[in-house]
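Taking it in order: structure first as structure tokens, then the write-up.
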Amino acid sequence: MKTIVLHMLKIVGFFKIAKHFSKRNLLILAYHGVEIEDESEFSPKLFIKRTTLKERMACLKEHGFHVVPLNEATDISNWDRLPDNSIVITVDDGWFSTLSEAHDVFSHYSFPYTLYVTSYYVDKESPVLNVVLRYMIWKTNINSVGFDQLEEEGLKGTYSLASLHEKKRAEIGLVKYLNALPTHEEKVNFISKLANVLSVDYGAIEKSRRLSLLSPDEIIDMAEQGVNIQLHTHRHTMHHNDVDGFKDEIIQNRLVLERAVKSNMTHFCYPSGDYAPGSEVWLRELGVYSATTCHAGFVSKQTNPYYLPRFLDGENIPHIVFEAEIYGVLEFFRKVKRIMKPLNHVLL
């Protein structure tokens, strides 16, 4: 129903009207990984097909949107000089597919983009193990997994994998066990054993790098090509009730990335958009000037730079919804909803 309504609004010219009235606001787009094998089927919110990404970038170019660097867009003194209908492109995590699949798509249109890199798996140069575990559970054709086959202390019984609901239950339990293992080596060993039990080729996952991040050398190469490398925590987690833990995540992240990036890293992306009201104070103390969330919305001159909204694009987003977002149609309805909410309270 939503897509039908949006198509009708486009036909009657509402998209063009919305674009005109939103032209002095800024939209930040967010991407994650690009499919190498079948990742967009596994997690369409996290991975987008290369063909879909190309369609999105062509849409920006053909419809007269202007892609600008994050540094320029977050400099309040530069705001009035930004072109109408400005867009910022951001990519989260630092997946290998950013280099292998996405980079030349952005480069084809000369679109600048910012890459927020989480650094633990960059440092380890191994696949992202918790995502690998979820992927293997999704991919397996095995109907159940018995923990006696894994020969792991603390794991007993059997998980059924016969339905999506049961696979989700198994995934939660196994990820919890994986995260509790004390060393990276033990985690890799557990994933290898689980892959054998599930009859999934972990070696192929590792070789294709479909679930791996960039290497330090690849980050150096991308930075030298003009990609804006920025902060995304070391372990892709936040510690909102622990100022030392919060700062340590960003300090470690910066230390790892500074081996590859010579320019200042003063922009940050909250992992999974997870933030608390006090985040701004701690980020300022760390020399961070802006931070992006996962809340949809446009950026205005008055927006707090430490809580910048973004639109998360992925394979799960129909193209008409993408168009409605960049044109400001969805932002119009978000504003109407915010206006109506207090009125509903008064009237009811």
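Coordinate-derived values only; no laboratory data. Because the structure is predicted, anything quoted here is derived from the model rather than measured. Ideal geometry is used to build each Cβ from the backbone, glycine not excepted, and the neighbour counts take in all protein chains shown.
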What is the sum of charges around residue 313, taking Lys and Arg as +1, Asp and Glu as -1, for the other residues whose C-beta is under 13 Å from the C-beta of residue 313?
-> 0
For segment 197-207, Karplus couplings with θ = phi - 60° (6.51, -1.76, 1.60), whole Hz, Gly/Pro x = 5, 7, 6, 10, 7, 5, x, 5, 4, 5, 5
Where does helix 129-139 land angle-wise versus the long Cα axis of the chain, in degrees 0 to 90, nearest 10?
-> 80 degrees
Expressed in angstrom and rounded, the centroid-to-centroid distance over alpha carbons for segment 85-118 and segment 1-22 is 27 Å
Kindly rank 263-273, 11-21 from highest to lowest mean number of other beta carbons found within 10 Å of each residue.
-> 263-273, 11-21
What is the list of residues in segment 303-334 whose amide nitrogen lies under 15 Å from a point 7 angstrom out from the Cα of residue 7, following Cα to Cβ?
-> 318-324
About its Cα centre, how strong a charge dipole does segment 129-208 have in debye, to the nearest 20, once Lys and Arg get +1 and Asp and Glu get -1 at the Cβ?
-> 360 debye
Of 139, 156, 301, which is the most mobile in a GNM of the chain whose springs link Cα atoms less than 10 angstrom apart?
-> 156
Using alpha carbons only, how many degrees (0 to 90, rounded to 10) separate the axis of helix 243-258 from the longest principal axis of the chain?
-> 90 degrees
Quick one: which residues, 5 or more positions from residue 230 or on another chain, have an amide H under 5 Å from its amide H? H modelled 1.01 Å from N in the peptide plane, none for Pro or chain starts.
-> 115, 116, 117
Of the candidates 150, 63, 53, the farthest towards the positive dipole end of the chain (Lys/Arg Cβ +1, Asp/Glu Cβ -1, centred on the Cα centre) is 63
Mind listing the long-range amide H neighbours of residue 67? Cut-off is under 5 Å, sequence gap 5 or more, other chains count too, H placed in the peptide plane at 1.01 Å from N.
-> 87
By the C-alpha gyration tensor axes a ≥ b ≥ c (rounded if a/c is under 1.5, else prolate when a/b exceeds b/c, else oblate), the shape of segment 1-46 is oblate
Where Rh denotes the Kirkwood radius from the mean inverse Cα pair distance, what is Rg over Rh for the chain?
-> 0.99
Arrange the peptides 182-193, 114-125 so that the one whose residues have, on average, the most other Cβ atoms within 10 Å appears first.
-> 114-125, 182-193
Which residue fluctuates the most in the chain, going by a Gaussian network model with Cα springs under 10 Å, if the choices are 43, 110, 126?
-> 110
Relative to the longest principal Cα axis of the chain, at what angle does helix 50-62 sit, 0 to 90 degrees, rounded to 10?
-> 10 degrees
Inter-probe distance in nm under a simple model that places probes 7 Å from Cα toward Cβ, at residue 179 and residue 339 = 4.2 nm
With each pseudo-label sitting 7 Å past Cα toward Cβ, what's the residue 80-residue 301 distance in nm, one decimal?
-> 0.7 nm
In the P(r) worked out for segment 129-208, what percent of Cα pairs fall beyond 18 Å?
-> 33 percent
Close Lys-Lys pairs in segment 129-208, where close means Cα under 21 Å and separation is 8 or more or interchain | 21
Could you size up the charge dipole of segment 140-280 around its Cα centre, putting +1 on the beta carbon of Lys and Arg and -1 on that of Asp and Glu, and report it in debye to the nearest 20?
-> 340 debye
What share of all Cα pairs of segment 228-304, in percent, falls into each consecutive 10 Å distance bin?
-> 18, 55, 25, 3
Using Cα-only point scatterers and the Debye equation, what is log10 of I(q)/I(0) for segment 1-115 at each q in 0.13, 0.15, 0.17 Å⁻¹, rounded to two decimals?
-> -0.60, -0.78, -0.95
Which of 205, 172, 192 sits farthest toward the positive end of the charge dipole of segment 129-208, with +1 on the Cβ of Lys and Arg and -1 on the Cβ of Asp and Glu?
-> 172
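Compute for segment 242-348: radius of gyration divided by Kirkwood radius, i.e. Rg/Rh, restricted to C-alpha atoms, rounded to two decimals.
Result for segment 242-348 is an Rg/Rh of 1.07.
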Around residue 24, which amide H atoms from residues at least 5 apart in sequence, or from another chain, sit under 5 Å from its own amide H, with H modelled in the peptide plane?
-> 85
With -39,500 (n - 2.57) per DSSP H segment of 4 or more residues and division by the full residue count of the chain, the 222 nm estimate, nearest 500 deg cm²/dmol, is -13500 deg cm²/dmol
Å³ per residue enclosed by the Cα convex hull of segment 66-172 | 182 Å³
Straight-line reach check, residue 10, cutoff 21 Å on alpha carbons, 8 or more apart in-chain or any other chain, hits among lysines -> 2, 19, 23, 61, 335, 337
Please get the size of the charge dipole for segment 1-93, origin at its Cα centre, with Cβ charges of +1 on Lys and Arg and -1 on Asp and Glu, quoted in debye to the nearest 20.
-> 660 debye
